[in-house]
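One structure is given here, and the rest of the page talks about it.
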Amino acid sequence: MRYPLRPFIEKRNNDGVKTKTINLSLEIVRRILRLAADEWRDKQGATWLEMAPKIKLFRITDARKPHSLSVVEEQFLFRQLPSHLLRMALYKANTGCRQEEVCRLRWEWEKQIPELGTSVFVILGEKVKNTEERLVVLNRIARSVIEEARGMHPVYVFVRQSKDGLAVPIKKMNNSGWRSARERAADAWERVHGTVAPQGFRRVRVQDLKHTFGRRLRAAGVSFEDRQDLLGHKSQRITTHYSHPELSNLIAAAEKACG
């Protein structure tokens, strides 16, 4: 019997789509089929399918390696970003937050720490990829971004100005504005340096800002455990209830990425 998804897979492969993206689509189909076989029922109480067919995902061999921005590359890129994306990029490159955690960041998640003269953000577990509450510590660059954004919108931290002059939330950073700025930055690099821009820089992704933060922490000698906490990775010791000395230590570690 012909595999019904094969034409779709072949079309996506011919279009140059990465294996991970194809797998994400197959996971959705697999999830729907399982629901049809296990949970969804007709008026007679019978499931839509007797059994869900097995869908095997492909082994990923074409994933692009993350690119950590150098300080010079960051300067070239950030100069080309529109102001709303610049704020988000600076914040992301200094907190290691994921794109969704940046776009959905709310003022109600900010917690003041008067004893340390600063604030942190605590993102709800339901908004975090690993489902655990995420503590976001602010170094001086991230803190300056937050202060600049304060008062722009009553709910969301990061917004842009619409054509009507209204402040509206930003759904994603990886948009046409990001991609256009990335191309302009690579062109500017080639004009200044007289050489082809590094491939990773010309194709730099929003996610690479998180890798950049992690790489800078490591280069600055920040311990593995502190890097795990600052990047929001799942850990047995991670908690949003830090003592003031622990918070002070994390803030000092995050400051090392500012260099």
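Is it the case, given these coordinates, that residue 181 is open to solvent by less than 50 Å² (accessible area, probe 1.4 Å), over 18 Å from residue 66 (Cα atoms) and part of a helix (DSSP H, G or I)? If you could, list the steps in order and put the result at the bottom.
Numbers: open to solvent by less than 50 Å² (accessible area, probe 1.4 Å): yes; over 18 Å from residue 66 (Cα atoms): yes; part of a helix (DSSP H, G or I): yes.
Yes.
May I ask you to list pairs of residues, at least six apart or on different chains, whose Cβ atoms are under 6 Å apart, with the first in region 134-160 being in contact (Cβ under 8 Å) with a residue 24 or more places away in the chain and over 19 Å from residue 82 (Cβ atoms) and the second being surrounded by fewer than 20 Cβ atoms within 10 Å (Cβ to Cβ) and among the polar types (S, T, N, Q)?
Short answer, once both residue conditions are applied: 135/240.
Out of the residues in region 184-204 meeting the condition of being outside any loop (DSSP other than H, G, I, E, B), charged (D, E, K, R) and open to solvent by 80 Å² or more (accessible area, probe 1.4 Å), tell me which one is farthest from residue 79 (Cα to Cα). Reasoning before the result, please.
Initial filter on region 184-204 (outside any loop (DSSP other than H, G, I, E, B)): 184-193, 199-202.
In the following step, the residues that additionally are charged (D, E, K, R) were identified as 184, 187, 190-191, 202.
Narrowing the set further to residues that are open to solvent by 80 Å² or more (accessible area, probe 1.4 Å) leaves 184, 191.
Numbers: 184: 10, 191: 15 Å.
Only one residue fits best here, namely 191.
Applying the selection to region 212-244, what residues are open to solvent by 70 Å² or more (accessible area, probe 1.4 Å) and modelled with pLDDT of 90 or more? Talk me through it step by step, then tell me what you get.
The initial filter retains those residues of region 212-244 that are open to solvent by 70 Å² or more (accessible area, probe 1.4 Å), namely 215, 218-219, 224-225, 234, 236-237, 241, 244.
Result: 215, 218, 219, 224, 225.
Which members of region 136-177 meet the condition of being assigned to a helix (DSSP H, G or I) and either more than 22 Å from residue 120 (Cα to Cα) or open to solvent by 70 Å² or more (accessible area, probe 1.4 Å) (or both)? Break it down into steps so the answer makes sense when it comes.
At the first step, the residues of region 136-177 found to be assigned to a helix (DSSP H, G or I) are 140-149, 176-177.
Residues satisfying the conditions are 140, 143, 147, 148, 176, 177.
How many residues does region 110-148 contain that are over 23 Å from residue 245 (Cβ atoms), under 19 Å from the mean Cα position of the chain (by Cα) and small (Gly, Ala, Ser)?
Number satisfying all stated conditions: 1.
Just the residues that are farther than 30 Å from residue 170 by Cβ, of a type in the set (Ser, Thr, Tyr) and exposed (fewer than 11 other Cβ atoms within 10 Å of the Cβ), please, taken from region 33-90. Spell out the reasoning first.
From region 33-90, those farther than 30 Å from residue 170 by Cβ are 33-59, 61; that's our starting set.
Pick out the ones that are also of a type in the set (Ser, Thr, Tyr) and you get 47, 61.
Hit for region 33-90 is 61, nothing else.
For a quick check of your reading of the model, give me the residue pairs whose first member lies in region 91-106 and is more than 11 Å from residue 171 (Cα to Cα) and open to solvent by less than 40 Å² (accessible area, probe 1.4 Å), whose second is assigned to a helix (DSSP H, G or I) and among the hydroxyl-bearing types (Ser, Thr, Tyr), with beta-carbon atoms closer than 8 Å and at least 6 apart or on different chains.
Close Cβ pairs satisfying both conditions: 93/212; 97/91.
The values are calculated or read from the model by the stated rules, or taken from the named source; none is laboratory data. Here the structure is a predicted model, which means the values were calculated and not measured. Neighbour counts run over all protein chains shown; Cβ positions are idealised from the backbone, glycine included. All accessible areas refer to the heavy atoms of the entire protein, side chains included, with ligands and DNA or RNA removed. Shrake-Rupley method; radii C 1.70, N 1.55, O 1.52, S 1.80 Å.
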